[in-house]
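Let me begin by presenting the structure, written as C-alpha coordinates, before commenting on it.
The values are calculated or read from the model by the stated rules, or taken from the named source; none is laboratory data. The shown structure was predicted, so the numbers you read here are calculated from the model rather than taken from an experiment. Here the Cβ is made from the backbone with ideal geometry for all residues, glycine too, and neighbour counts use every protein chain on show. Note: areas computed on protein heavy atoms with side chains; ligands, DNA, RNA excluded. Shrake-Rupley method; radii C 1.70, N 1.55, O 1.52, S 1.80 Å.
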Amino acid sequence: MSGSPYLIYFNSIGKSDIGYISVAEKENLPFVPKRIYWTYFTPEDVKRGYHSHYNLEQILVAVAGRIIITTEMKGCEKQEFVLESPKVGLYIPKMCWRMMQYSHNAVQICIASEEYDEKDYIRDYAAFLKLKA
Ligand code: T46
(Lines give C-alpha, C1' and ligand atoms only; values in the text may rest on other atoms or scores of the structure.)
Protein backbone atom coordinates (compact mmCIF):
# COMPACT_ATOMS: atom_id res chain seq x y z
CA MET A 1 0.00 0.00 0.00
CA SER A 2 1.22 3.54 -0.63
CA GLY A 3 -0.60 6.88 -0.21
CA SER A 4 -0.22 9.11 2.85
CA PRO A 5 1.15 8.44 6.33
CA TYR A 6 -1.43 7.17 8.80
CA LEU A 7 -1.63 5.75 12.28
CA ILE A 8 -2.15 2.02 12.86
CA TYR A 9 -3.78 0.96 16.12
CA PHE A 10 -2.62 -2.47 17.23
CA ASN A 11 -4.68 -4.66 19.51
CA SER A 12 -3.59 -4.66 23.12
CA ILE A 13 -4.12 -8.08 24.66
CA GLY A 14 -4.08 -8.35 28.43
CA LYS A 15 -5.03 -6.24 31.40
CA SER A 16 -3.35 -3.96 33.88
CA ASP A 17 -2.65 -6.61 36.54
CA ILE A 18 -0.74 -8.94 34.16
CA GLY A 19 0.51 -6.56 31.43
CA TYR A 20 -0.12 -6.39 27.70
CA ILE A 21 1.00 -7.77 24.36
CA SER A 22 0.53 -6.18 20.94
CA VAL A 23 1.03 -8.18 17.76
CA ALA A 24 1.91 -7.04 14.24
CA GLU A 25 0.70 -9.68 11.79
CA LYS A 26 -0.48 -9.79 8.23
CA GLU A 27 -4.09 -8.90 9.06
CA ASN A 28 -3.04 -5.51 10.45
CA LEU A 29 0.01 -4.67 8.31
CA PRO A 30 -0.12 -2.99 4.88
CA PHE A 31 2.91 -5.01 3.62
CA VAL A 32 4.83 -8.18 4.37
CA PRO A 33 7.90 -7.21 6.46
CA LYS A 34 11.41 -8.13 5.27
CA ARG A 35 13.38 -6.38 8.02
CA ILE A 36 12.92 -5.13 11.57
CA TYR A 37 15.33 -2.83 13.34
CA TRP A 38 15.27 -0.60 16.38
CA THR A 39 16.91 2.61 17.52
CA TYR A 40 17.52 3.74 21.10
CA PHE A 41 19.50 6.18 23.30
CA THR A 42 19.13 8.94 20.73
CA PRO A 43 20.05 12.23 22.46
CA GLU A 44 17.09 14.60 22.70
CA ASP A 45 18.81 17.35 20.71
CA VAL A 46 19.48 15.04 17.75
CA LYS A 47 17.08 14.93 14.83
CA ARG A 48 17.30 11.85 12.63
CA GLY A 49 15.91 10.98 9.26
CA TYR A 50 16.13 13.84 6.76
CA HIS A 51 15.61 11.42 3.92
CA SER A 52 13.02 9.64 1.83
CA HIS A 53 12.98 6.23 0.19
CA TYR A 54 12.17 5.26 -3.39
CA ASN A 55 10.56 1.94 -2.48
CA LEU A 56 10.74 1.32 1.23
CA GLU A 57 7.53 1.39 3.28
CA GLN A 58 7.79 1.41 7.05
CA ILE A 59 5.84 1.29 10.27
CA LEU A 60 7.39 3.07 13.24
CA VAL A 61 6.37 2.25 16.81
CA ALA A 62 7.56 3.94 20.00
CA VAL A 63 7.63 0.81 22.16
CA ALA A 64 8.97 3.08 24.92
CA GLY A 65 9.20 6.84 25.25
CA ARG A 66 8.06 9.44 22.74
CA ILE A 67 8.88 10.09 19.09
CA ILE A 68 7.84 13.21 17.21
CA ILE A 69 7.79 12.58 13.48
CA THR A 70 7.39 15.21 10.79
CA THR A 71 6.46 13.83 7.37
CA GLU A 72 6.16 15.46 3.98
CA MET A 73 4.66 13.99 0.84
CA LYS A 74 5.43 15.87 -2.34
CA GLY A 75 2.92 18.62 -3.02
CA CYS A 76 1.30 18.23 0.42
CA GLU A 77 1.50 20.07 3.73
CA LYS A 78 3.93 18.71 6.32
CA GLN A 79 2.30 16.56 9.01
CA GLU A 80 3.40 15.99 12.58
CA PHE A 81 2.72 12.76 14.47
CA VAL A 82 3.49 12.03 18.12
CA LEU A 83 4.03 8.37 18.96
CA GLU A 84 3.96 7.64 22.68
CA SER A 85 2.01 4.42 22.99
CA PRO A 86 3.40 0.92 22.31
CA LYS A 87 0.11 -0.01 20.65
CA VAL A 88 0.19 2.72 17.98
CA GLY A 89 2.33 2.70 14.83
CA LEU A 90 2.87 5.21 12.04
CA TYR A 91 2.77 3.89 8.49
CA ILE A 92 5.24 5.78 6.28
CA PRO A 93 4.76 5.24 2.55
CA LYS A 94 7.47 5.33 -0.08
CA MET A 95 8.55 8.79 -1.27
CA CYS A 96 7.86 10.40 2.10
CA TRP A 97 10.41 12.83 3.55
CA ARG A 98 10.69 12.39 7.32
CA MET A 99 12.42 13.81 10.36
CA MET A 100 12.28 12.20 13.80
CA GLN A 101 13.08 13.52 17.28
CA TYR A 102 13.19 11.24 20.30
CA SER A 103 12.87 11.41 24.05
CA HIS A 104 16.07 9.93 25.44
CA ASN A 105 14.21 6.86 26.74
CA ALA A 106 12.57 6.23 23.36
CA VAL A 107 12.95 2.85 21.73
CA GLN A 108 11.80 2.92 18.13
CA ILE A 109 10.92 -0.28 16.32
CA CYS A 110 10.81 -0.03 12.55
CA ILE A 111 8.97 -2.70 10.58
CA ALA A 112 10.26 -2.38 7.03
CA SER A 113 8.99 -3.69 3.71
CA GLU A 114 12.46 -4.15 2.12
CA GLU A 115 15.96 -5.23 2.97
CA TYR A 116 18.56 -2.52 3.62
CA ASP A 117 19.73 -0.79 0.45
CA GLU A 118 21.58 2.52 0.61
CA LYS A 119 20.62 3.14 -3.04
CA ASP A 120 16.97 3.33 -1.96
CA TYR A 121 17.67 6.49 0.08
CA ILE A 122 17.06 10.03 -1.17
CA ARG A 123 19.11 12.14 1.24
CA ASP A 124 19.07 15.41 -0.72
CA TYR A 125 15.91 17.44 -0.02
CA ALA A 126 16.21 19.46 -3.24
CA ALA A 127 16.48 16.22 -5.23
CA PHE A 128 13.44 14.82 -3.39
CA LEU A 129 11.40 17.88 -4.38
CA LYS A 130 12.45 17.50 -8.03
CA LEU A 131 11.41 13.84 -8.29
CA LYS A 132 8.01 12.88 -9.66
CA ALA A 133 5.51 11.87 -6.96
C1 T46 B 1 14.09 5.56 8.68
C2 T46 B 1 14.22 5.77 10.13
C3 T46 B 1 12.95 5.63 10.86
C4 T46 B 1 22.30 -0.33 8.19
O5 T46 B 1 23.47 -0.69 7.96
N6 T46 B 1 21.27 -1.21 8.06
C7 T46 B 1 19.98 -0.86 8.31
O8 T46 B 1 19.08 -1.70 8.17
C9 T46 B 1 19.72 0.48 8.73
C10 T46 B 1 18.30 0.94 9.03
C11 T46 B 1 20.75 1.36 8.84
N12 T46 B 1 22.02 0.96 8.60
C13 T46 B 1 23.13 1.92 8.75
C14 T46 B 1 23.19 2.94 7.63
C15 T46 B 1 23.73 4.18 8.31
O16 T46 B 1 25.14 4.16 8.29
O17 T46 B 1 22.92 2.66 9.95
C18 T46 B 1 23.28 4.03 9.77
C19 T46 B 1 22.12 4.93 10.11
O20 T46 B 1 21.06 4.68 9.22
P21 T46 B 1 20.03 5.81 8.76
O22 T46 B 1 20.76 6.97 8.20
O23 T46 B 1 19.02 5.19 7.88
O24 T46 B 1 19.40 6.23 10.17
P25 T46 B 1 18.07 7.01 10.56
O26 T46 B 1 17.85 6.78 12.01
O27 T46 B 1 18.15 8.41 10.08
O28 T46 B 1 16.89 6.31 9.76
C29 T46 B 1 16.44 5.01 10.06
C30 T46 B 1 16.11 4.23 8.78
O31 T46 B 1 17.24 3.88 8.07
C32 T46 B 1 15.21 5.00 7.91
O33 T46 B 1 14.77 4.24 6.85
O34 T46 B 1 13.11 5.93 8.12
O35 T46 B 1 15.23 5.03 10.79
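Accessible surface comparison of Ile59, Ile21, Ile68, probe 1.4 Å, protein chains only, largest first: the order is Ile21, Ile68, Ile59. Expressed as a whole percent, the accessible area of the chain that falls on carbon and sulfur atoms is 55 (1.4 Å probe).
Ordering of 22-28, 47-53 by packing is 47-53, 22-28, highest average first (other Cβ atoms within 10 Å, averaged per residue). Taking 7 Å steps out from each Cα toward its Cβ at Glu44 and Asn28 produces label points 3.0 nm apart. Solvent exposure of the chain amounts to 60 Å² per residue of accessible area, where only protein heavy atoms count and the probe is 1.4 Å. Between Ala126 and Arg66, the FRET efficiency estimated from the beta carbon spacing at R0 = 25 angstrom works out to 0.25. For the chain, the number of Lys pairs with C-alpha atoms closer than 21 Å, counting only pairs eight or more positions apart or on separate chains, is 22. Helical runs (DSSP H, four residues minimum) scored at -39500 (n - 2.57) apiece and divided by the length of the chain put the mean residue ellipticity at 222 nm at -1000 deg cm²/dmol. Placing unit charges on each Cβ (+1 for Lys and Arg, -1 for Asp and Glu) gives the chain a dipole about its Cα centre, and among Asn28, Ala62, Ile92 the Cα reaching farthest toward its positive end belongs to Ile92. If you run the Gaussian network model on the chain, springs between alpha carbon atoms under 10 Å, then out of Arg98, Arg66, Arg35 the most flexible one is Arg35.
Springs join every pair of Cα atoms under 10 Å in this Gaussian network model of the chain, and among Tyr91, Tyr20, Tyr116 the largest mean-square fluctuation is at Tyr20.
Placing unit charges on the Cβ atoms only, positive for Lys and Arg and negative for Asp and Glu, gives the chain a dipole magnitude near 220 debye about its Cα centre.
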